[in-house]
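Taken together, the values in this text are just the output of simple stated rules run on the coordinates, not laboratory data. This one's a predicted model, so the numbers in the text were calculated from it and none came from an experiment. Cβ: placed from backbone, ideal geometry, glycine included. Neighbour counts: every protein chain shown.
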Amino acid sequence: MNSEIIDKLYKTNSPYKNYWLNQLKKHGHNSQKQEKLLALINHELEAIDKRKTSIANIKISYPNELPVSQAVEEIKAAISQNQITIVCGETGSGKTTQLPKILLELGYGINGLIGHTQPRRIAAKSLTSRINYELGLANQENALVACKMRFHDRTTQSTAIKLMTDGILLQEIQNDRLLLQYSALIIDEVHERSLNIDFILGYLKKLVVKRPDLKIIVTSATLETDKLVKFFNNAPLINVSGKTYPVDIIYQPLGEGEENEGLNQGIYQAISAALSIERGHGLVFLPGEREIKECLNYLRKTELRNYELLALFARQNNEAQAQIFNDTGRIKIILATNIAETSLTIPGIKFVIDSGLAKVKRYSIRNRVEQLQIEMASQASSNQRAGRAGRVSHGLCVRLFSESEFKLRKQFTEPELLRSNLANVILRMLALNIGDPHEFEFLDQPEQKAFNDGYRTLFQVQAIDENNRITPLGRKLSQIPTDVQLARILVAAAEDYASLNEALIIIAFLAIQDPRETPLEHQQLARERHQLWADKNSAFIQILNIWRWYHNELEHKKSNRKLQEACHKQFISLVRLREWHELHRQLKEIMIGLGYKANANEAAYRELHSAILHGFITNIGQKDLVDNHYLGTNSKKFYIHPGELSDSAKWMVAGSLVETSRLYARNCAQIEPQWLNRIASHLYKYTYSSQRWDKKRGEVIATKSSMLYGLLIDSTKVSYGLINPSESREIFIKEGLVPAELNKKYSFITHNQNVINELEKLEDKLRTYFMLIDDELFSFYVEKLPVEIIDQVTLDNYIAANGDNNLRLDKNEFIARINKDGEKLELFPDYMLNNGQKIKLNYIFDHENPEDGVIANIDLSQLEQIEDKQFEWLVPGIIRDKVSFLIKSLPKTVRLAFNPLNESITEFLAGSDTNDSLINQLINYAKTKKIELDYQNLAKIAFPHHLCCHFRIFDNKKLIKSGDDLSLIRTELNPVLDKLVVKQSAGVQINDLSGFIPEFANLGNKIELGKINGYYSLIVEKDGSITYGVVSKVEQARLSTRRGFINLVKLQLKDQLKYLQSRKLPDFMKISLTFSAFYTKDKLSETIANYIVNQAISDVLADKLPKTEALYNQLISNSRQNISKLTLELNNTLSKTAAFYQQVKQQVENHPLAEEIEIQLDDLFYENFLNYTKWQHLTNFPRYLQAIITRVDRYTKSAARDTINANEISSIYDKWYNYVDKLESMHKVVKSELYNFRYKIEELRISLFAEGLKTLYPVSAKRLLTELEQLYLEHLTA
């Protein structure tokens, strides 16, 4: 029997022949293996006999209507004479169905199979049926033509022609590298240029050298033939025409409108027009399933609902796809993706509507994510679509874009190889040992960066090592027929996490199309039904829940129909569930074959998701604290897809990241980043930060951050000594030894601290750290300690061996070094003289202290005797820094004029007057360099604390006030100082004066009251009585004495005052009525009487004090005589003022200027305004009011000019107001000259609005601004 088999083997031409003979020879000594091998050989020889018999019984013919039938003999000759033949047949040529028959007729298919690959399963299945039909074998079992795909293998021993997806052929290459089961291979639809096709072409180009008996036929519809011929070393090319009938092309660009609405409307119009021309089936090309469903919904609302509207896309179940080919007698309008371009031939298509769009999957190397975006279809793709209309008769193609746009599109669709992650391709090549992947010949060679990215992915899953060599793990992964990242999860689950059962379910799910369905018309309901399986933490647990639900339904199903109904109710595809189940079975068999066993117990959440992380390392993300997105690896920003049912968490892993309108994550689960420490440590980049001394541990530590492609995964404290000994030694000395922050006591530290304490006393004064504090102490330890001392352990070992004398400071040596700075100490005096007063100074050197710098300690008695300006100059040791800061704060163009800076500062200080303001002196110095500086701008410069003089005020050695603003301190302490003066001068006070006393001769003179000075003065008490006494300030004495004399003389004129109050002014009634808003009649009468008497006395008193009795009596006499004259003048002034005031109030009512005039009046007239208005200004009030009347009268004729003038006045008024407000806030003494400046603004109003009234003096806006600036500057520098 065995000899018969061997004899038969020698006679056969099977591709296996030489292989089997070598195997028999190799295992000749092993009878058991020989038995198995002979059984296998016999089985194959029987298959050859069956195929031979089957082929002999069929009759092969070629339909005359197909163009390829005219080229059969030419194709036969090319195949017979060449190992590789290229057939380029346009759409409808019949090449796909007739080439297998040609090979059968040439004798192939007997000794070895005829393999026929298709890009899609649906095409493989339909072609199987079609070829069987043409061979007359449609209803036979064990048909000569059968198909094999991932979930279905219908091949038998009788099969001679095997239809399969290109993915199946790739799997077979893994175990049959010479493809010995085949005598011929047809690689169909090469123009689609899928990843699998491009690899297969490259592999076959290498294989033909080892398999000279293998015939290869490559077919394409639109591929660049020159490129293909060149790739296969000038293989023969046979072109077969395709379009049996001509197709008219119509370009009908879409109009404007909503994107999808406009597209659907355009399709509707195109179909309607096409049906009016060509009555027959129509094919509409759209980019994706969603667009198809939306368009179907749209068309079903039109009259086209009377036709058979069908969808065709890859996710459809078999029943839905079968409807495309069923002959119902009705006109079909089929809405399809590019699956209908070449893979399927749909009979009876009369017209095609081409949207010009295609959904293209791309891999972004930069972002390392999949992108699924709608793009413009290429010219070749559009031509393929048009070709579908000319299969049975004259056809029509309507393109929903312009012809000019068509010509601008890419000629061919970019190969999938150039827009994919190459990880799986590279791993396949490495596993097959076919050489360096970079040198593998592809039809289009990918860029180097694409290879690099593929290697990076393989390294992530540990399929290769750092030298890009395949690892043992990588070889295991290459044997699992799924994406390498999914395969990595399976191996991790089996080897490390006891979760293979769960992982197999999840990976099988991820490797197929999601069985859950979400129809557009029932989206909300579908999501609600899917909640049955929801898990708030993980979409992967949801997958397990679906699996359990499905198996429960299987176990308890009453019938297949009931199961179908249950799935339909839950919006889940039974067909996909079965595919899932089948793939799970296959993967399980493969894993068992690799030696793995299923886990006995259910996997824990952490274990399962740790396994998942092995495959999806780069799909992790951390939730943004503000926005609703996640920050992923490589700076990706992604969002959880709206369809996800799991809750979001701080950290998530995603089963996929796909960029559409934005980057979306699907199949997400909550994770803890620490889990990655076990998984991704080979990918971590470590950084060390926050290097610091840890007193408790007695060593330098650092925060070790584990970074995964830019994401901070984990942070831990680690010992830094071994990582960076040099830096650790520096930190140990700086942060441990120098500040004595150690966890035990050392005698040398105590000794050194005592030395330092003595040196620190001089630091505040000299504003410096001495040589040993802290920098020099650091240098001292660096010099004395050996380089290996990096922590307390090494320090203890050193002291134990050598003692600590070497680490002790020599006190005398360092004190001597301090004395070298003796000259510097003179720049920081302990006292300063200010206006004859000796002021004690002390110093603080602490940048955090608000009193950092020099402090002047002032006795309360000295407060009124010292000059503020001198303190601006600080002390010689600091003033250079202050001047430097001042100059450096100037604009660059100005400060450069002071270069060289040190020389300029020296020159400035040498020639400055320290009794003047520092800013004034700098302005004067700048003028010598022809630089103009502005006092106000300089005054705005804010100095740091240490460049300001700080003040402490003491009374009897007790601190009563401190601060940096001496003017403010004086203001706040005036009551205290006044009380002190009153107390010290109690012996000279004379109370309740009613007339002249000889002591008036001393008024205004200075008196020494112990440590303080005072000035003789008249004082008006709160009760109106008059006292002869002493006040603290000379200006206060002048003003108080003047008030005192006025009140004293009024006592002598009380009869006249009483008469004025009773008699009243002649026009009093008119005046009181006008100003009733500000005064009652009685109050006005009293105010006018006092006003006349006060003014009568003031006119006579002027600035001459009546220090003698004769002068005092003369003052009384002259004042009495002055009253009558003033009474008439005041009556006249107030009468005119009242009249004009009433006129103004009447004219401005409802006038455009009403608001502005009211503001002006409020400045002149207010409650008790006479008490605050001097006579010299009150006499001008009638003119001010007349000017207002004139302005109002002229307004209608010169409104524009009025506005200009008003703006000019407003700017001056605002500046005056702000200056007064600022000076008051600075506690400056504001002189009456600046307060009364407001009346000059009234004169300006007269000049601008009523020039005919004449002003008291020449006035203009420019002149007033200059005068105001000068006044303000004088107050600032006072």
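What percentages make up the Cα-Cα pair-distance distribution of region 944-1062 when the bins are 10 Å wide from 0?
All Cα pairs, binned at 10 Å, distribute as 12, 35, 26, 16, 8, 3, 0 percent.
Which of the peptides 554-563, 372-381, 923-932 is most tightly packed, and how do the rest follow, judged by the mean count of other Cβ atoms within 10 Å per residue?
Result, highest mean Cβ count within 10 Å first: 372-381, 923-932, 554-563.
Which whole-number percentage describes the relative contact order of region 1072-1203, with Cα contacts under 8 Å and a sequence gap of 6 or more? Mind showing how you got there, number by number?
On the way: 68 pairs, mean separation 42.7, N = 132.
Once divided by the residue count of region 1072-1203, the mean separation gives 32 percent.
Which of the pairs Lys293/Lys410; Lys1058/Lys1125; Lys205/Lys227; Lys1215/Lys1240; Lys650/Lys717 have their Cα atoms more than 21 Å apart in this structure?
Beyond 21 Å: Lys293/Lys410; Lys650/Lys717.
Work out how much length Thr660 to Thr328 would gain on full extension: take 0.36 nm times their residue separation and subtract the Cα-Cα distance, in nm to one decimal. Working shown, then result.
Values: separation 332, 0.36 × 332 = 119.52 nm, distance 3.83 nm.
Stretched out fully, the Thr660 to Thr328 stretch lengthens by 115.7 nm.
Calculate one ³J(HN,Hα) per residue across region 1205-1219 by plugging θ = phi - 60° into the Karplus curve 6.51 cos²θ - 1.76 cosθ + 1.60, and present them in order as whole Hz with x for glycine and proline.
With coefficients 6.51, -1.76 and 1.60, one gets 5, 4, 5, 5, 5, 4, 5, 5, 4, 4, 5, 4, 4, 5, 5 Hz.
In degrees from 0 to 90, rounded to the nearest 10, what is the angle of the helix 792-802 Cα long axis to the longest principal axis of the chain?
Rounded to the nearest ten degrees, it is 80.
Using modelled amide H (1.01 Å from N, peptide plane; none on Pro or chain starts), what sits under 5 Å from the amide H of Asp859, excluding residues fewer than 5 places away?
For Asp859, the qualifying residues are Phe954.
Over what distance in Å are the Cα centres of region 112-170 and region 923-994 separated?
107
Using a Förster distance of 25 Å, how high is the FRET efficiency between Gln32 and Tyr10, based on the Cβ-Cβ distance and rounded to 0.05?
Computed FRET efficiency for Gln32 and Tyr10 comes out at 0.60.
Considering Cα pairs under 8 angstrom that are at least six residues apart, work out the relative contact order of the chain and quote it in whole percent.
Once normalised by length, the contact order is 5 percent.
For Ala1102 and Lys1197 in the same chain, what is the full-extension length gain: residue separation times 0.36 nm, less their Cα-Cα distance, in nm?
Value of the extension gain: 29.5 nm.
Please list, by residue number, every one of the trypsin sites (Lys or Arg not before Pro) in region 463-526 that is coil in DSSP and has at most 13 other beta-carbon atoms within 10 Å.
Passing both the DSSP loop test and the Cβ count: Arg469.
Which whole-number percent of Cα pairs in region 247-412 have a distance greater than 24 Å?
Pairs farther apart than 24 Å: 31 percent.
Can you give me the distance in nm between label points at Ile723 and Ile990, each placed 7 Å from the Cα along the Cα-to-Cβ direction?
According to this spin-label approximation, the distance is 8.9 nm.
Compute the separation of the alpha-carbon centres of region 439-499 and region 1204-1278 and state it in Å as a whole number.
Answer, in whole Å: 85.
Per residue of region 1122-1139, what does 6.51 cos²θ - 1.76 cosθ + 1.60 with θ = phi - 60° give for ³J(HN,Hα)? Whole Hz please, x for Gly and Pro, Karplus curve as stated.
Working through the residues one at a time gives 6, 5, 4, 4, 5, 4, 5, 5, 5, 4, 4, 5, 5, 5, 4, 4, 5, 4 Hz.
Going by amide H atoms built from the backbone, whose H comes under 5 Å of the H on Val284, apart from near neighbours?
Ile334, Leu335, Ala336, Ile353
How far is helix 31-56 tilted off the main Cα axis of the chain, in degrees rounded to 10, range 0 to 90?
On a 0 to 90 degree scale, this one is about 80.
From zero outward in steps of 5 Å, how is the percent of C-alpha pairs of region 552-676 spread across the bins?
Bin by bin from 0 Å, the calculated values are 2, 9, 14, 15, 14, 15, 15, 10, 4, 2, 0.
Given a cut-off of under 8 Å on Cα pairs at least six residues apart, what relative contact order in percent is computed for region 826-964?
Here the relative contact order equals 30 percent.
If each DSSP helix of 4+ residues adds -39,500 (n - 2.57) and the sum is divided by the residues in the chain, what number results at 222 nm, nearest 500 deg cm²/dmol? Each step should come with its number before you reach the end.
Numbers: 50 runs with 598 residues, N = 1278.
That comes out to -14500 deg cm²/dmol.
Taking only Cα atoms, what is the 0 to 90° angle, nearest 10, from helix 484-495's long axis to the longest principal axis of the chain?
Its long axis makes an angle of about 90 degrees.
Report the gain in length on full extension from Asn545 to Ala1077: 0.36 nm times residue separation, minus Cα-Cα distance, nm rounded to one decimal.
On the way: separation 532, 0.36 × 532 = 191.52 nm, distance 8.80 nm.
Length gained between Asn545 and Ala1077: 182.7 nm.
Quick one: check the C-alpha center-to-center distance for region 337-408 versus region 1010-1057, whole angstrom.
So the two Cα centres are separated by 108 Å.
In nm, to one decimal, how far is the Gln1061 label point from the Asn915 one, both placed 7 Å along Cα→Cβ?
With each label point 7 Å from Cα toward Cβ, the separation is 5.1 nm.
Please list the radius of gyration and Dmax for region 2-53, considering alpha-carbon atoms only, with Å as the unit.
My reading of the Cα-based Rg and Dmax gives 10.8, 36 Å.
To the nearest µm²/s, what D does Stokes-Einstein give for the chain at 4 °C and 1.567 mPa s, using the Kirkwood radius over alpha carbon pairs as Rh? Mind showing how you got there, number by number?
Details: Rh = 43.0 Å.
So the translational diffusion coefficient is about 30 µm²/s.
Near the amide H of Leu357, under 5 Å away, which other amide H atoms are found, from residues 5 or more places off or on another chain, if H is placed in the peptide plane?
Those lying under 5 Å, H to H, from Leu357 are Ala377.
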